[in-house]
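Encoded as structure tokens, the structure appears first; notes follow it.
The values are calculated or read from the model by the stated rules, or taken from the named source; none is laboratory data. This structure is a prediction, so every number in the text was calculated from the model and none was measured. Cβ sites come from the backbone with ideal geometry, for glycine too, and all protein chains shown count toward neighbours.
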Amino acid sequence: MNLSQTVLLRFRLPRLLVSALLAFSIAPALPGQATGRIVFERFALPNGLDVLLAPDHSTQVVAVDVWYLTGSRDEPPAKAGLARLFDRLMFEGSANVPAGVHAGLLEQAGGRVEGDVEEDVSRFTEAVPSNRINQALWLEADRMRGIVINDTTVGASRAGLMDDLRSRTTGEPYTGIVVDAVAALYDSTACPGYSHPPIGRAATISALTTQDAADFLNQHYRPNAARLVVAGDFDPALARKTITDYFGGIGRGPEPHPATCNATFSPGRQSRTVNDRLATRPAAGQFYRIPAHDHADTPALDLLGIILGQGQGGRLTARLSRELAAASAVQGGVLGTRQGPGVFGLFAVAGPGVSGDSLAALLADQATWAAGESLTNADLERARNIYLATAASRRERPQDVAEALQHATTFHGAPDAVNTEVDRVRAVTLADLRRAAATWLNPANALTVVITAGGAS
């Protein structure tokens, strides 16, 4: 689960840069149920569909949450954007539902529909009044059985994805450069799944075919590559029967073969300077390779992200903005959640008269500071309190509980982890923070990006 905190001074960071790139990856922690734990049951259908049920009768809402365990990491770099095409294709019609009707039916009933294709998962969630659970389950089963893939639906989805690409990565300053920098951290041969932008590139998107989409659907959007979580106000026995009736007859697909990544950490200092014609001020970023989300250092890295990058009390704001007046906007933390190796980013837009090179050096200094004696227990306690407060607030709705169970199962290997993640954060010590910073936020593990503005060179 991602938490994004934007620091606004005299300059506003672009929307995509904040919400999708420099977002803190804070795992959900405190459940919202009265027992203090999320209680669930798990079963599997013969076709391989993994099912988790988490009833909670304190609400009159139910969440139906389907995760297909696939994303942009499963597409070859030459077809970058293929996975994100399904952001749109999943709403272009299924066997018994015309294009656009899936979301419309649930919204008319007072529900809310969300979909998002990420690097490792493709998430589709409905939060509906509890008396509409059957409708939500039927709609998800109908499109799991098969969505409409033809030249018309693929062409419309491809055009929409191209529009997104233009508006988000070429229509906003800094964003496209940061997207490319994140992808450049991992080698396209050893780690192809994370070596290209999830949204794709213009050349690869325009070349996607109807056959590409059909092959990806048949390979990855099958019940044995999916997990269904139902959370909220429902009867578990009745839900189990309904799920079996609706989903049980859907055929299995090929056995999933997750993409592999043989990452190299600390390969040596790397840097690049890029001009951004849309930028009015220089900027800089320090991007560090970090291990997969289930690594023991992830809680420490999450807390380091809060210490360095979050809010007016964050180190970047205190040092770069207030003390030195070197930055007009700052952001930092873990970028997203991955089963494979990830990224920790520090980013800043320069203040008046400050060069991108000097800003990059200041960002690197903050990473070094985090590994030293100046980092205190007070910094740790502030970060831990922010984490816990945020985690608690993200368990208030059935859809939050469903997502938390999905996260625990996908990124920690078992749904039981949903009730223990907070303990991992509470166990982090000051020594852990310093060690994690020294291990992962070191110059040999970093890509430094200096962005010049406008016509500068």
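Data for the structure
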{"item": "Qualifying residue in the stretch 222-230 (condition: closer than 16 Å to I147 by Cα, in contact with a strand residue (DSSP E or B) (Cβ under 8 Å, 6 or more places away or on another chain), assigned to a loop (DSSP other than H, G, I, E, B) and touching a residue at least 24 places away in the same chain (Cβ under 8 Å))", "result": "no"}
{"item": "Residue within the stretch 142-161 that is crowded, with 18+ Cβ neighbours inside 10 Å and acidic (D, E) present", "result": "yes"}
{"item": "Any hit, the stretch 115-135, residues being assigned to a helix (DSSP H, G or I), under 26 Å from the mean Cα position of the chain (by Cα) and of a type outside the set (S, T, Y)", "result": "no"}
{"item": "The stretch 405-440, subset basic (K, R) and surrounded by 14 or more Cβ atoms within 10 Å (Cβ to Cβ), residue modelled with the lowest pLDDT", "result": "R424"}
{"item": "Any hit, the stretch 356-378, residues being more than 23 Å from E323 (Cα to Cα) and hydroxyl-bearing (S, T, Y)", "result": "no"}
{"item": "Candidate set: the stretch 248-285, residues that are among the hydrophobic types (A, V, I, L, M, F, W, C) and not in a strand (DSSP E or B); chosen: the one surrounded by the most Cβ atoms within 10 Å (Cβ to Cβ)", "result": "A279"}
{"item": "Some residue of the stretch 180-189 being without any contact (Cβ under 8 Å) to a residue 40 or more places away in the chain, under 30 Å from P398 (Cβ atoms) and not β-branched (V, I, T)", "result": "no"}
{"item": "Of all residues in the stretch 307-328 being surrounded by fewer than 23 Cβ atoms within 10 Å (Cβ to Cβ) and either of a type in the set (D, E, K, R) or in a helix (DSSP H, G or I) (or both), the one that is farthest from the chain's Cα centre (by Cα)", "result": "E323"}
{"item": "Residue in the stretch 89-98 that is within 26 Å of D416 (Cβ to Cβ) and modelled with pLDDT of 95 or more present", "result": "no"}
{"item": "Within the stretch 266-288, tally of residues that are closer than 16 Å to L441 by Cβ and among the basic types (K, R)", "result": "1"}
{"item": "Failed criterion for S358 (all others in (1) touching a strand residue (DSSP E or B) at 6+ places or on another chain (Cβ under 7 Å); (2) surrounded by fewer than 21 Cβ atoms within 10 Å (Cβ to Cβ); (3) at pLDDT 95 or above hold)", "result": "(1)"}
{"item": "Helices (runs of 4 or more DSSP H) contained in the stretch 382-457 and holding at least 3 residues over 26 Å from V178 (Cα atoms) and more than 22 Å from the chain's Cα centre (by Cα)", "result": "430-440"}
{"item": "Matching option when the condition is among the polar types (S, T, N, Q), in the same structural domain as G268 (by TED's automatic domain parsing) and without any contact (Cβ under 8 Å) to a residue 24 or more places away in the chain, among N419, N377, N445, N385", "result": "N385"}
{"item": "Residues within the stretch 45-72 that are outside any loop (DSSP other than H, G, I, E, B), among the small types (G, A, S) and within 22 Å of D233 (Cβ to Cβ), tallied", "result": "2"}
{"item": "Inter-residue pairs, beta-carbon under 6 Å, first in the same structural domain as H220 (by TED's automatic domain parsing) and modelled with pLDDT of 95 or more and in the stretch 48-64, second assigned to a loop (DSSP other than H, G, I, E, B) and of a type in the set (A, V, I, L, M), 6+ apart", "result": "A54/I38"}
